[in-house]
Amino acid sequence: MKVAVIGGGGREHTLAWKLAQSPSVDKLYAIPGSAAMSEVAQCVDIALSDLDAITDYAKNEGIDMLVVGPEVPLTEGIADLAQSKGLAVFGPNKAAAQMEGSKVFAKNLMKKYHVPTAAYASFTDGDAAKAYIKEQGAPIVVKADGLAAGKGVVVAQTEAEAIEAVNAMMEDHIFGASGGRIVIEECMVGEEASLLAFVDGKTIVPMISAQDHKRIFDNDEGPNTGGMGAYAPAPVVTPEIRKEVEEKILKPVVDGLKQEGITYQGCLYA
């Protein structure tokens with residue numbers, strides 16, 4: 001079969017590298033790809049933002065499946081568009097991609113379906129957000145609602161730092177429209193791990209756990225980054241914790257989305 005990987009970053013390079021090894025893949029494309037990806041795939045220079053051009057190219061080229069890496073095309077509906085043109089696609093549709101594209105959507109869904117999550121409140125008014133920070137105290141976490149390339153979270157150690165983050169997101173618009181709505185969250189201290197799962201809408205198949213190095217400096221200091229490298233499996237995720245995550249987080253989220261009329265297909269990121 002012919003497969004196209006959508007994207008051009010490190011994640012997409014890894015996907016392409018592995019797909020190229022599959023006996024099922026006769027030809028591999030990367031849109032737009034990168035110089036590194038050209039070693040394993042035919043790179044096609046179409047902008048990631050041009051969803052019509054990507055899906056039209058795939059249709060005309062007889063590509064059987066799209067594997068979408070980046071969040072932005074997913075939140076903008078590339079899966080819906082591809083499916084409307086008869087293309088198979090690995091990745092959630094626009095409604096399901098809100099789990100990644102809107103922290104408010106994800107938090108509200110978790111609250112409704114009793115999935116454990118840090119206490120929170122959401123705001124579109126900066127003054128109300130600052131009043132809430134003063135009421136709750138610090139440390140406290142401020143998050144831009146939308147996508148911010150992994151950098152839209154400020155773990156504020158003081159009220160002043162939290163208020164500064166609100167101003168940066170809501171008044172200075174450092175994350176553009178993503179910061180027009182924010183989530184202010186309880187600060188939870190401890191180790192963070194990720195457990196990603198393959199999902200077809202009902203079946204959940206978790207991968208191995210992973211941990212990445214979020215903070216920019218040694219000893220967990222400095223601002224959050226998009227991740228400074230990762231390792232897997234994460235020792236903190238014992239078989240017991242893994243089972244708990246599957247039963248109390250992954251399954252209720254997929255079932256909850258289904259109850260909301262949303263079928264999640266692709267990779268679910270916990």
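The values are calculated or read from the model by the stated rules, or taken from the named source; none is laboratory data. The structure presented is a predicted model; accordingly, all values stated were derived computationally and were not measured. Neighbour counts are summed over all protein chains in view; Cβ atoms, including those assigned to glycine, are modelled from backbone coordinates with ideal geometry.
Give the number of residues within segment 195-244 that are closer than 22 Å to Y264 by Cβ and surrounded by 13 or more Cβ atoms within 10 Å (Cβ to Cβ).
Result for segment 195-244: 14.
Could you list, in sequence order, all residues of segment 8-34 that are at pLDDT below 95 and charged (D, E, K, R)?
Of everything in segment 8-34, just one residue is at pLDDT below 95 and charged (D, E, K, R), namely R11.
Residue check, A197 against (1) in a strand (DSSP E or B); (2) within 29 Å of V68 (Cβ to Cβ); (3) in contact (Cβ under 8 Å) with a residue 60 or more places away in the chain; (4) over 17 Å from the mean Cα position of the chain (by Cα), all met but one. Which one?
It fails just one condition, (4).
Quick one: in segment 217-270, of everything that is aliphatic (A, V, I, L, M) and in a helix (DSSP H, G or I), which residue is farthest from P206 (Cα to Cα)?
Among those residues, the one meeting the criterion is L257.
Evaluate the following for E191: is it loosely packed, with under 12 Cβ neighbours inside 10 Å and acidic (D, E)?
yes
What pairs come up if the first residue lies in segment 12-24 and is closer than 15 Å to D64 by Cα and in contact (Cβ under 8 Å) with a residue 12 or more places away in the chain, the second is surrounded by fewer than 19 Cβ atoms within 10 Å (Cβ to Cβ) and among the small types (G, A, S), and their beta carbons are under 6 Å apart, counting only those six or more places apart or on different chains?
No pair meets every condition.
Let me confirm something: among V166, V155, which residue is crowded, with 17+ Cβ neighbours inside 10 Å and either touching a helix residue (DSSP H, G or I) at 6+ places or on another chain (Cβ under 7 Å) or in the same structural domain as N224 (by TED's automatic domain parsing) (or both)?
V166
Let's see how each residue does on (1) modelled with pLDDT under 95; (2) of a type in the set (S, T, N, Q); (3) assigned by TED's automatic domain parsing to the domain that holds I46:
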residue: T75; (1), (2), (3): no, yes, yes
residue: Q98; (1), (2), (3): no, yes, no
residue: A138; (1), (2), (3): no, no, no
residue: G146; (1), (2), (3): yes, no, no
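Can you confirm whether segment 172-192 contains a residue that is modelled with pLDDT of 95 or more and of a type in the set (G, A, S)?
no
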